[in-house]
Amino acid sequence: MASSSTTIGTSSGGSGPYPIQGSGSEKDLQHVMDQRKKKRMISNRESARRSRMRKQKHLDELATQLSQLRKENNQMISSVTITTQHYMNVETENRVLRAQVAELSQQLQSLNEIIAFVNPCVDSGCGFMEELYGSGTEFVDEFSSNSLSYVYANQAILASADMFMY
């Protein structure tokens, strides 16, 4: 049986010019359909393989990102822990310093009261020369050999706790 091999059209899928026999046999048509089906299956398998590879690559990238984020999180936790400990140490030191300022302020006030009691002339504003030579007390005699000591001994301590607070 002779068949003519004139091409009537292209395949319905538009995947290429496959000859469709005008008076061809069923067998030839089945063969063409099987080739198309086989080609489509190969194409689908390749597409599925590429899709699996993309998915695996994405999962690997996510796992790497997760590992990096966990590492950064641990570093941040460590940094916060160190900073918190440093803050607590500084806070403790500040409490000690505030207590020392309060104690020193109290001592300063007491010393100023003692100086005011021992030497009322400093608070009243009387002359330094009268006090130096006029009284003749032991206090003046003790420091008369060293004039700088005497000047500093008779000066009131003029400071306050507010000078040390910030």
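The table that follows gives values for the structure above.
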| item | result |
| --- | --- |
| For region 32-65 and region 102-117, distance of Cα centres in Å | 89 Å |
| Rounded percent of accessible protein surface that carbon and sulfur make up, region 39-117, 1.4 Å probe | 59 percent |
| Spin-label zone in region 37-59 - amide nitrogen under 15 Å from a point set 7 Å from the Cα of Leu66 along the C-beta vector | 56-59 |
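The values are calculated or read from the model by the stated rules, or taken from the named source; none is laboratory data. Since this is a predicted model, take the numbers as computed values, not measurements. Please note: Cβ atoms are built from the backbone with ideal geometry, for glycine as well, and neighbour counts cover all protein chains shown. Note: areas computed on protein heavy atoms with side chains; ligands, DNA, RNA excluded. Shrake-Rupley method; radii C 1.70, N 1.55, O 1.52, S 1.80 Å.
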